[in-house]
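Encoded as C-alpha coordinates, the structure appears first; notes follow it.
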Amino acid sequence: MTRWPRGEAEIEELLRGGHLQQVTGAQTDGQPFLDKARRVLTTATGLVGTDPESAYVLAYDAARHAATALLAHQGLRATSKGGHYAVDVALRAQFGAGFRSFSALRRRRNELEYPENPAETIDADETQQAVSDAGTLIDAASRLLPTIGRWDQYRPNPLRGRKIAGQRGHGDVLQIRRDTFPGSNPGSATARLIKPLTCTYGSGLIFFGPAWC
(Lines give C-alpha, C1' and ligand atoms only; values in the text may rest on other atoms or scores of the structure.)
Protein backbone atom coordinates (compact mmCIF):
# COMPACT_ATOMS: atom_id res chain seq x y z
CA MET A 1 0.00 0.00 0.00
CA THR A 2 1.42 3.37 -1.02
CA ARG A 3 1.31 6.59 0.92
CA TRP A 4 -1.69 8.88 0.60
CA PRO A 5 -1.15 11.08 -2.47
CA ARG A 6 -3.22 14.13 -1.63
CA GLY A 7 -1.52 16.86 0.39
CA GLU A 8 2.02 15.59 -0.24
CA ALA A 9 3.47 19.11 -0.53
CA GLU A 10 1.91 20.23 2.75
CA ILE A 11 3.12 17.15 4.63
CA GLU A 12 6.63 17.55 3.24
CA GLU A 13 6.62 21.20 4.34
CA LEU A 14 5.47 20.25 7.85
CA LEU A 15 8.25 17.68 8.06
CA ARG A 16 10.90 20.12 6.83
CA GLY A 17 9.73 22.73 9.31
CA GLY A 18 9.88 20.34 12.26
CA HIS A 19 6.11 20.47 12.81
CA LEU A 20 5.74 16.76 12.03
CA GLN A 21 8.17 13.91 12.49
CA GLN A 22 8.27 10.34 11.22
CA VAL A 23 7.86 7.41 13.60
CA THR A 24 8.33 3.66 13.23
CA GLY A 25 7.38 0.36 14.82
CA ALA A 26 4.43 0.14 17.19
CA GLN A 27 3.95 3.90 16.96
CA THR A 28 2.57 3.44 13.43
CA ASP A 29 -0.51 1.55 14.63
CA GLY A 30 -3.42 3.99 14.56
CA GLN A 31 -6.01 1.62 16.03
CA PRO A 32 -5.20 2.30 19.72
CA PHE A 33 -5.74 6.01 19.11
CA LEU A 34 -9.11 5.29 17.53
CA ASP A 35 -10.08 3.11 20.48
CA LYS A 36 -9.11 5.91 22.85
CA ALA A 37 -11.08 8.41 20.78
CA ARG A 38 -14.25 6.38 21.25
CA ARG A 39 -13.70 6.03 25.00
CA VAL A 40 -13.13 9.76 25.42
CA LEU A 41 -16.21 10.54 23.34
CA THR A 42 -18.30 8.30 25.57
CA THR A 43 -17.11 10.28 28.60
CA ALA A 44 -17.87 13.56 26.84
CA THR A 45 -21.39 12.41 26.00
CA GLY A 46 -22.09 11.69 29.65
CA LEU A 47 -21.09 15.21 30.70
CA VAL A 48 -23.08 17.24 28.16
CA GLY A 49 -25.97 17.98 30.50
CA THR A 50 -24.00 18.58 33.69
CA ASP A 51 -20.68 20.09 32.59
CA PRO A 52 -20.93 21.26 28.96
CA GLU A 53 -17.57 23.05 28.96
CA SER A 54 -15.63 19.96 30.04
CA ALA A 55 -17.69 17.85 27.65
CA TYR A 56 -16.73 20.15 24.76
CA VAL A 57 -13.03 19.91 25.55
CA LEU A 58 -13.32 16.13 25.75
CA ALA A 59 -15.21 16.00 22.45
CA TYR A 60 -12.35 17.89 20.83
CA ASP A 61 -9.83 15.54 22.45
CA ALA A 62 -11.73 12.59 21.03
CA ALA A 63 -11.59 14.11 17.53
CA ARG A 64 -7.90 14.84 17.98
CA HIS A 65 -7.17 11.23 18.92
CA ALA A 66 -8.94 10.13 15.73
CA ALA A 67 -6.83 12.55 13.70
CA THR A 68 -3.70 11.33 15.46
CA ALA A 69 -4.69 7.78 14.53
CA LEU A 70 -4.60 8.64 10.82
CA LEU A 71 -1.21 10.32 11.11
CA ALA A 72 0.21 7.49 13.21
CA HIS A 73 -0.91 4.96 10.62
CA GLN A 74 1.14 6.95 8.10
CA GLY A 75 4.18 6.90 10.36
CA LEU A 76 3.72 10.59 11.22
CA ARG A 77 3.40 12.46 14.50
CA ALA A 78 3.09 16.09 15.46
CA THR A 79 6.08 17.52 17.30
CA SER A 80 5.89 19.85 20.30
CA LYS A 81 6.63 22.66 17.86
CA GLY A 82 3.78 21.72 15.55
CA GLY A 83 1.28 20.79 18.23
CA HIS A 84 -2.43 20.57 17.55
CA TYR A 85 -2.19 23.04 14.68
CA ALA A 86 0.08 20.71 12.70
CA VAL A 87 -2.45 17.91 13.17
CA ASP A 88 -5.17 20.24 11.87
CA VAL A 89 -3.15 21.29 8.80
CA ALA A 90 -2.13 17.72 7.96
CA LEU A 91 -5.70 16.49 8.31
CA ARG A 92 -7.25 19.11 6.05
CA ALA A 93 -4.47 18.96 3.48
CA GLN A 94 -4.83 15.22 3.00
CA PHE A 95 -8.46 14.43 3.67
CA GLY A 96 -10.27 17.64 2.78
CA ALA A 97 -13.75 18.88 3.52
CA GLY A 98 -14.83 15.74 5.35
CA PHE A 99 -12.59 16.80 8.25
CA ARG A 100 -13.16 20.54 8.15
CA SER A 101 -15.11 20.50 11.41
CA PHE A 102 -11.90 19.58 13.25
CA SER A 103 -10.65 23.15 12.75
CA ALA A 104 -13.79 24.63 14.29
CA LEU A 105 -13.58 22.26 17.24
CA ARG A 106 -9.94 23.15 17.81
CA ARG A 107 -10.51 26.91 17.70
CA ARG A 108 -13.52 26.77 20.03
CA ARG A 109 -11.66 24.51 22.43
CA ASN A 110 -8.84 27.08 22.56
CA GLU A 111 -11.35 29.82 23.36
CA LEU A 112 -12.66 27.77 26.28
CA GLU A 113 -9.24 26.75 27.56
CA TYR A 114 -7.68 30.21 27.19
CA PRO A 115 -10.62 32.65 27.40
CA GLU A 116 -10.21 36.36 26.80
CA ASN A 117 -13.29 36.80 28.95
CA PRO A 118 -13.26 34.73 32.17
CA ALA A 119 -17.06 34.76 32.09
CA GLU A 120 -17.10 32.87 28.76
CA THR A 121 -19.72 30.11 28.87
CA ILE A 122 -21.01 27.38 26.60
CA ASP A 123 -24.42 25.74 26.55
CA ALA A 124 -25.44 22.12 26.21
CA ASP A 125 -26.72 22.54 22.64
CA GLU A 126 -23.34 23.73 21.37
CA THR A 127 -21.60 20.95 23.22
CA GLN A 128 -24.00 18.33 21.87
CA GLN A 129 -23.16 19.49 18.35
CA ALA A 130 -19.46 19.16 19.15
CA VAL A 131 -20.01 15.61 20.38
CA SER A 132 -21.89 14.80 17.19
CA ASP A 133 -19.15 16.32 15.00
CA ALA A 134 -16.46 14.41 16.89
CA GLY A 135 -18.39 11.17 16.41
CA THR A 136 -18.61 11.81 12.68
CA LEU A 137 -14.85 12.42 12.50
CA ILE A 138 -14.12 9.23 14.41
CA ASP A 139 -16.34 7.20 12.09
CA ALA A 140 -14.66 8.75 9.04
CA ALA A 141 -11.21 8.00 10.44
CA SER A 142 -12.25 4.40 11.09
CA ARG A 143 -13.20 3.98 7.45
CA LEU A 144 -10.03 5.64 6.21
CA LEU A 145 -7.53 3.84 8.41
CA PRO A 146 -7.35 0.59 6.40
CA THR A 147 -6.84 2.52 3.14
CA ILE A 148 -3.76 4.56 3.97
CA GLY A 149 -0.14 3.45 3.93
CA ARG A 150 3.08 4.62 5.51
CA TRP A 151 4.48 7.96 4.37
CA ASP A 152 7.84 6.37 3.57
CA GLN A 153 6.24 3.70 1.38
CA TYR A 154 6.59 5.71 -1.78
CA ARG A 155 6.05 4.11 -5.18
CA PRO A 156 6.98 6.27 -8.21
CA ASN A 157 4.56 6.43 -11.07
CA PRO A 158 6.25 5.37 -14.33
CA LEU A 159 3.51 7.15 -16.31
CA ARG A 160 4.14 10.55 -14.76
CA GLY A 161 4.03 13.20 -17.46
CA ARG A 162 2.79 10.88 -20.23
CA LYS A 163 -0.39 11.72 -22.07
CA ILE A 164 -3.12 9.16 -22.49
CA ALA A 165 -6.39 9.16 -24.36
CA GLY A 166 -9.43 9.75 -22.21
CA GLN A 167 -13.09 10.53 -22.73
CA ARG A 168 -14.63 13.74 -21.45
CA GLY A 169 -17.32 13.90 -24.07
CA HIS A 170 -15.10 15.65 -26.62
CA GLY A 171 -11.99 13.48 -26.69
CA ASP A 172 -9.70 15.74 -24.66
CA VAL A 173 -6.26 14.42 -23.84
CA LEU A 174 -5.80 13.90 -20.11
CA GLN A 175 -2.42 14.08 -18.40
CA ILE A 176 -1.40 12.12 -15.32
CA ARG A 177 -0.17 14.43 -12.61
CA ARG A 178 0.11 12.25 -9.48
CA ASP A 179 3.19 10.27 -8.44
CA THR A 180 1.17 7.34 -7.15
CA PHE A 181 -2.00 5.47 -7.94
CA PRO A 182 -3.77 4.44 -4.70
CA GLY A 183 -4.52 0.75 -4.81
CA SER A 184 -3.90 0.36 -8.52
CA ASN A 185 -1.35 -0.85 -11.03
CA PRO A 186 0.28 2.24 -12.57
CA GLY A 187 1.38 0.21 -15.54
CA SER A 188 -2.17 -0.38 -16.77
CA ALA A 189 -3.64 3.09 -16.93
CA THR A 190 -6.79 2.91 -18.98
CA ALA A 191 -10.01 4.86 -19.00
CA ARG A 192 -11.57 1.99 -17.07
CA LEU A 193 -8.90 2.15 -14.36
CA ILE A 194 -8.69 5.91 -14.16
CA LYS A 195 -12.36 6.67 -13.78
CA PRO A 196 -12.74 5.36 -10.19
CA LEU A 197 -9.67 7.32 -9.13
CA THR A 198 -10.74 10.61 -10.63
CA CYS A 199 -11.75 13.34 -8.21
CA THR A 200 -12.03 16.37 -10.44
CA TYR A 201 -10.98 17.63 -13.81
CA GLY A 202 -9.22 20.93 -14.16
CA SER A 203 -7.93 22.50 -17.36
CA GLY A 204 -7.86 19.08 -19.04
CA LEU A 205 -5.77 17.51 -16.27
CA ILE A 206 -6.69 14.50 -14.22
CA PHE A 207 -6.17 14.57 -10.46
CA PHE A 208 -6.08 11.36 -8.48
CA GLY A 209 -7.07 10.65 -4.91
CA PRO A 210 -9.77 8.71 -3.08
CA ALA A 211 -12.50 9.84 -0.72
CA TRP A 212 -12.47 13.53 0.21
CA CYS A 213 -11.07 15.39 -2.80
* Any idea how many residues of the stretch 83-98 are surrounded by fewer than 24 Cβ atoms within 10 Å (Cβ to Cβ) and under 17 Å from Ile148 (Cα atoms)? -> 4
* To do: Please list, ordered by first then second residue, the pairs with beta carbon atoms under 7 Å, 6 or more apart or interchain, first in the stretch 112-141 and closer than 16 Å to Leu58 by Cβ, second β-branched (Val, Ile, Thr) and at pLDDT below 95.
  => Leu112/Ile122
* Just one of (1) in contact (Cβ under 8 Å) with a residue 40 or more places away in the chain; (2) surrounded by fewer than 18 Cβ atoms within 10 Å (Cβ to Cβ); (3) under 11 Å from the mean Cα position of the chain (by Cα) trips up Thr24, so point out which. => (3)
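The values are calculated or read from the model by the stated rules, or taken from the named source; none is laboratory data. Bear in mind that the values here come from a model prediction, so they are computed numbers and not experimental data. Reconstructed Cβ throughout: ideal geometry from the backbone, glycine too, with neighbour counts over all protein chains shown.
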